[in-house]
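The structure appears below as structure tokens.
The values are calculated or read from the model by the stated rules, or taken from the named source; none is laboratory data. Here the structure is a predicted model, which is why all the values come from computation and not from measurement. Heads up, the Cβs are rebuilt from the backbone with ideal geometry, glycines too, and the neighbour counts pull from every protein chain shown.
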Amino acid sequence: MKSNNIYIFMNLVIAIAVTLFFSCKNNFDEVQKVGVLQNQPVGEAENIDLKYSEYDSDSVKLLANLLSSKMLDYSNRNFSFSEFPEGIELIVYGEDNKQTKIFADYAIIYNDTDIIDLRDNVIIATHEKDTLLTDQLYYNEKLEWVFTNQPFTYGPLHGNGFDSDKDFKNFQMLEMGGDFEIDN
């Protein structure tokens, strides 16, 4: 009788194990889709014409105008950012409505650090007709500071790496070249 009970018990355990084995299904494809969705942008925008302005009691002052054909919003990431894979044109308005134009073939704005990363054919043309050319340029919005470690050309100057305030008044080069005169 004991061997009969053991036989029934063993068959019951085998039946439960087989049921559990066949009831489990492969969710790997679904798990992969979740990972892909988390890596996808949470939003996409086309033909952007974003104006940044400042209001005071009696007027509105236009500070900047961002133009881009495409923006991808990755604010669903732990380190959120906005990507401009087709480049940007940024017009910054200074005193007396003087314009500085910034162009780049690719850009990323990191939301948590307020760092803007401009890449590929970066051009800054100031209202004073000065032009900066480089392949990569970072801008720290909080400090209003630009910097790069890449080769650059700025008027008659050229070299590798520099950092500067946003108005290029306090300018430092890491390696310099070009023709220039120093006034005492």
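Structural remarks
- Hits in segment 125-153 (condition: loosely packed, with under 15 Cβ neighbours inside 10 Å and among the aliphatic types (A, V, I, L, M)): L143
- Restricting T134, T113, T153, T148 to residues that are out of contact with any strand residue (DSSP E or B) (no Cβ under 7 Å at 6 or more places or on another chain) and either among the hydroxyl-bearing types (S, T, Y) or not in a loop (DSSP other than H, G, I, E, B) (or both) narrows the list to T113.
- Residue identified as out of contact with any strand residue (DSSP E or B) (no Cβ under 8 Å at 6 or more places or on another chain), free of Cβ contacts under 8 Å to residues at least 40 places away in the same chain and on the phi > 0 side of the Ramachandran plot among K129, K169: K129
- Test: residue in segment 169-184 that is exposed (fewer than 13 other Cβ atoms within 10 Å of the Cβ), over 21 Å from S69 (Cβ atoms), in contact with a Phe, Trp or Tyr (Cβ under 7 Å, 6 or more places away or on another chain) and among the charged types (D, E, K, R): no
- Segment 92-126, residues that are touching a Lys or Arg at 6+ places or on another chain (Cβ under 6 Å) and either at pLDDT below 85 or among the charged types (D, E, K, R) (or both): D114
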